[in-house]
1. Please list, or write none, the lysines whose alpha carbon is within less than 19 Å of the alpha carbon of residue D:102, excluding same-chain residues fewer than 8 places away.
2. Using the Cα centre of segment A:92-342 as the reference point, and only Cβ charges (+1 on K/R, -1 on D/E), how large is the resulting charge dipole? Debye, rounded to the nearest 20.
3. Give the angle, between 0 and 90 degrees and rounded to the nearest 10, that separates the Cα long axis of helix A:224-236 from the longest principal axis of the Cα atoms of chain A.
4. If you take every DSSP beta bridge whose two residues both sit in chain B, what share of them, in percent to the nearest 5, is antiparallel?
5. Would you grab the residues whose amide H sits under 5 Å from the one on residue C:249? Only those 5+ places off in sequence or on another chain, please, with H modelled 1.01 Å from N.
6. Which net charge results for the neighbourhood of residue D:211, defined as the other residues with beta-carbon distances under 14 angstrom from its beta-carbon, given Lys and Arg at +1 and Asp and Glu at -1?
7. Hey, for residue B:152 with labels 7 Å out along Cα-Cβ, what do the inter-copy distances come to in nm, ordered shortest first?
8. What distance in nm lies between label points placed 7 Å from Cα along the C-beta direction at residue B:331 and residue C:179?
There are 4 protein chains.
Amino acid sequence: MFIEVKLETMIIIMKSHVTDDEIRAVEKKLESMGMGSNVSRGIERTVIGAIGDERKVDKEALEALTGVEDVIRVMKPYKIVSRESHPEDSVIDIRGVKLGGKQIQIISGPCSVETQSQMDSAAQSVAAAGCRLMRGGAFKPRTSPYTFQGVGVEGLEMFRRAADKHNLPIVTELMDVRMLDTFLEHKVDVIQIGTRNMQNFDLLKEVGRIQTPVILKRGMSATISEWLMAAEYIAAGGNHNIIFCERGVRSFETYYRNMLDVTAVPVLKRETHLPVIIDPSHAGGKSWMVPALARAAVAAGADGLLVEMHPAPADAWCDADQALSPNQLNELMGELRGIARVIGREL
Amino acid sequence: MFIEVKLETMIIIMKSHVTDDEIRAVEKKLESMGMGSNVSRGIERTVIGAIGDERKVDKEALEALTGVEDVIRVMKPYKIVSRESHPEDSVIDIRGVKLGGKQIQIISGPCSVETQSQMDSAAQSVAAAGCRLMRGGAFKPRTSPYTFQGVGVEGLEMFRRAADKHNLPIVTELMDVRMLDTFLEHKVDVIQIGTRNMQNFDLLKEVGRIQTPVILKRGMSATISEWLMAAEYIAAGGNHNIIFCERGVRSFETYYRNMLDVTAVPVLKRETHLPVIIDPSHAGGKSWMVPALARAAVAAGADGLLVEMHPAPADAWCDADQALSPNQLNELMGELRGIARVIGREL
Amino acid sequence: MFIEVKLETMIIIMKSHVTDDEIRAVEKKLESMGMGSNVSRGIERTVIGAIGDERKVDKEALEALTGVEDVIRVMKPYKIVSRESHPEDSVIDIRGVKLGGKQIQIISGPCSVETQSQMDSAAQSVAAAGCRLMRGGAFKPRTSPYTFQGVGVEGLEMFRRAADKHNLPIVTELMDVRMLDTFLEHKVDVIQIGTRNMQNFDLLKEVGRIQTPVILKRGMSATISEWLMAAEYIAAGGNHNIIFCERGVRSFETYYRNMLDVTAVPVLKRETHLPVIIDPSHAGGKSWMVPALARAAVAAGADGLLVEMHPAPADAWCDADQALSPNQLNELMGELRGIARVIGREL
Amino acid sequence: MFIEVKLETMIIIMKSHVTDDEIRAVEKKLESMGMGSNVSRGIERTVIGAIGDERKVDKEALEALTGVEDVIRVMKPYKIVSRESHPEDSVIDIRGVKLGGKQIQIISGPCSVETQSQMDSAAQSVAAAGCRLMRGGAFKPRTSPYTFQGVGVEGLEMFRRAADKHNLPIVTELMDVRMLDTFLEHKVDVIQIGTRNMQNFDLLKEVGRIQTPVILKRGMSATISEWLMAAEYIAAGGNHNIIFCERGVRSFETYYRNMLDVTAVPVLKRETHLPVIIDPSHAGGKSWMVPALARAAVAAGADGLLVEMHPAPADAWCDADQALSPNQLNELMGELRGIARVIGREL
């Protein structure tokens, strides 16, 4: 009763008054791509299935043919990062700290590295709050060329020194391919690719050649599919230690900075085996929003958080209004611990 | 070589490890909706075509079945308004003024009806500029309950009197179903359904029961498909005199009020036989943007424009910063006339 | 040292090369609105403060004056609904069930009323799960005129009968002003204003004249400020029993139906004293996303949820893929109870 | 009567129940940034003006202080690129071809460089159509790592050879800072910075150090202000030969690829002295939309267009469905010439 056919990877829907020549042109085009075809001709509408490896198919070239109404991809374009290819959760080991397993990781620290004493104080507060990973930016992507751009390489050293006292692996952002060697020399434990660089493909290819874990922040208005494809660039190079980080997307709302897409958490957990974390600080942009967003993220199933904390928030050199104080971080950790327990996880 | 099958109106893509039972459940569900099915089983992926009248198909009920990955609609959901159903352009006759044909119609007038003398002066300027239709609001949808809400029924009378002196058909907005009879008594020539009411389905059904031409403004963030479906509500009731009006959509940009979607013009001209006009005044929200947007709209192929003009813009009771002065309207008409000629139309 | 001046409700920023005449024109315009002014003239830039009741100020009329660069509102345009006007949380009493206090309310039930037996079964499951309020739609706003539009008045009766057996107050959507009397006759306990009607101002005014609690769903792309203003329409009429419901907003993402704006919870709790609930079912549009979103909403501080549940989801007449089964609802209630406890609330 | 004060560059609006200490904290913070302050104390609301060079002000640090409700920037953050700083239009000279003056430039060519014969044929068609500049990509930013990534350096050589026969300056995209020297060696006439790199600040800084004209495409969801700031990065380095290119932004609409923001044309012409061009091909994503969008762009006041043309569109190696054929380009040029004349320009 069922007709056994080969895998259809794309479906080409023809216009209502399609001619035989137009149908044959699609078949020929598919053939030239090394694909087979399967034509279902209806009374009003003909549908052609493309059979073979969809990576060979050029969707746009098919859409350009006369008589073609629409071309629909049946297979997902991402492979290595997809849960289909790897059904179990991937747990990433960051110098002994596990991200993606039962334990939820809160990565905390200041927006930017300022001074040694600021970093020392921050590292102590991070460790005291029970966090196992520390964040801080030595190179800062800033909208204006006239604002503070980060302290640079010296900042990496200050960060390293401060974090090492508490044995905290460090997370910091890489913006420029030419700085990668410096990052490796300073043994950066987790490289962060920022929002503005999510589709900086040369940078993605470079971090795909090493094994250092990478936090890939979502682009300002990247779809989940584009984000998974950006991760696929890293994975295709051989580095599978990828952590997705949702940090709010652009929207029409002007009350807060970005709209946190909390739905991305269950969606990514379904589509990929890789860990998913949330940055509630950059999402809302105001420290008073952070606890609510952080609790929501953990409740939704995030594997971790990136939370900005500064020893003296009002004196921070950048994003002063979004950092928590050490006390606020402590209090938040208590709430998150409770929520983690309710959903069968731990902090 | 081709297998003759009946019309596939929906395509159901099954998950990769689908079972025979799951496939049969889809077939059964389609059967219960009075549809046939056509199963293409591949090595990794099975695709089922739903055969029959797609209006009977409940897409969500299919998506809810286990084993279903995605359900794709092949046929368009809009019928009467689609160009497939009516290949020639529809020309709407508004008391002798033709909208949708070779002649482009510039509909002008103030945002809101204020006084008899303001309307008299406005009507004279509208006619003097060579416009053949006049706009003005007697009932105003305002974001705040504390701002001017329109002068009401009395405004319709003022508008009627002013326009009649120049034999200008009038365009005005209907917000409340209970006012329809009043609109008919005042012989409103074109009823405008505003942005905020594009999916006020009870209102759409009511204007579907009469034959007065309707300008259907696009919802603040309505997709083109939803907009066509809103028109289908009117058309399904029997009123096919529908004019689409693009007026800018919500976006992340804060420099101006709304983002004019000029691409909607060629898209609608392809998808529907009905006329398409543009409101450059509400899109940008500032009078200095209006000429550029108006020229762009005509160049893109719009059948008309809704342009706000006020005898004394700075004194307007609402949206004072977006109305053109009579002189500015005159100047714009000259430019539009030139562009119309270049693309084989007239003003 | 400080100069005592009257309240500046708007700030008018003049262009860099402003003339004295332009400044005087602004002062005169303000005077004509019954406002005072306060001019600060700088080397490059002059700033004028408007003094008085900002409800009298026409922002657009000021922006239309030459020499004006920008007009900034200092006071918030919403009054009755603002937390400034009423610092304590408002608790709304729905036949003895309190919404907005320590207890979180989960309002559950099917998308639409179908049959008496479906409603009886649903009501039993709602009560058994420990929910204290029931939802169900007798009138349905549907994108297509060719799909199921709700069972109508008869549905209200079925709903009433089913809910009364378990003493559950009922929540149902009002779309048409002409149906309000019918809703009152059937003693609907909470009237829902849907997304597409958030700015249907005539409908808002009507429900402002009664005392029945109103759930005001956020418009598809309404800003938080517009949403508060829509509530102000209801409040200005005398009905202060308003409940805000976030249900996802329009975005560029196509993986799911709407993007749940979880940040709206802490923002609204800061801006208004009225309760805030979340509809995780309409946000994601798929039942498998509902538990994660529901947990996030409660963790973020929502006062309640609207959760779709159907006795047999796959057979639902609308939105079949988003309803939970009775068992899934039970399980979710357990998790939510745990999270409520962590943040000092109860379910 | 007017009080002479120094330039207020920021306005800090305090909360309604502000204390003297909170006001003094703001004054002190401003002082620490080298700024003066000007306090206007009202009955309900106090407003503080920050006096001095706003580039020294850290907006976030002020927002973080207790008692601060809002901080509003009065001065624009962009300097060199602003029309305030340079009131006349800048005309950029590209080997004798002027962009930004009376003459409108249509830059045409294929999406990507494929073979020498394809480029030879394309160059001939570009020149024959009357275009004076040619485009083509040797390095392609592609969403998927598995699709064609451009032919690379060899492509630059093919492009150079083909264009030189017709004396056409070439426009091509730079993605990686490490390729800049190669671009200079091949004497690329105009360097394009793509959408995904608009905020790749290291790349912007590098092209700021040379004098080659730069086309800066707008980021997928960049506001006009962010886009101007990205240009300011280039200008701050010393390269003022910057051309803005609008190419459609991300929106909720799924019918076409991107939403062309035609309003950006009049807005940029007001805000900056630099030329503004439009890419109608990447905006709509379908060749049948290109003529309408191209006409709209010229009518709106654009200084030029980037139009994809391929000798055989259906065989193009990327974006096959969006390229015009040589004949279609010819026809479009005729229409654009007519529209240019109407608005006092030439092609």
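Computed from the coordinates by the stated procedures, all read-outs in this text should not be read as laboratory data. Values in this document were obtained by computation on a predicted structure and should not be read as measured data. Note that we place each Cβ from the backbone using ideal geometry, even for glycine, and neighbour counts take in every protein chain shown.
1. D:269
2. Working: 26 positive and 27 negative charges, 104 e Å.
So the magnitude is around 500 debye.
3. Roughly 80 degrees, rounded to the nearest 10.
4. Values: 21 of 48 bridges.
Beta bridges within chain B, antiparallel portion: roughly 45 percent.
5. Result for residue C:249 returns C:259, C:260, C:261.
6. On the way: positive: D:95, D:187, D:209; negative: D:93, D:189, D:206.
Residues near residue D:211 contribute 0 overall.
7. In nanometres, ordered from closest: 3.2, 7.1, 7.7.
8. 5.1
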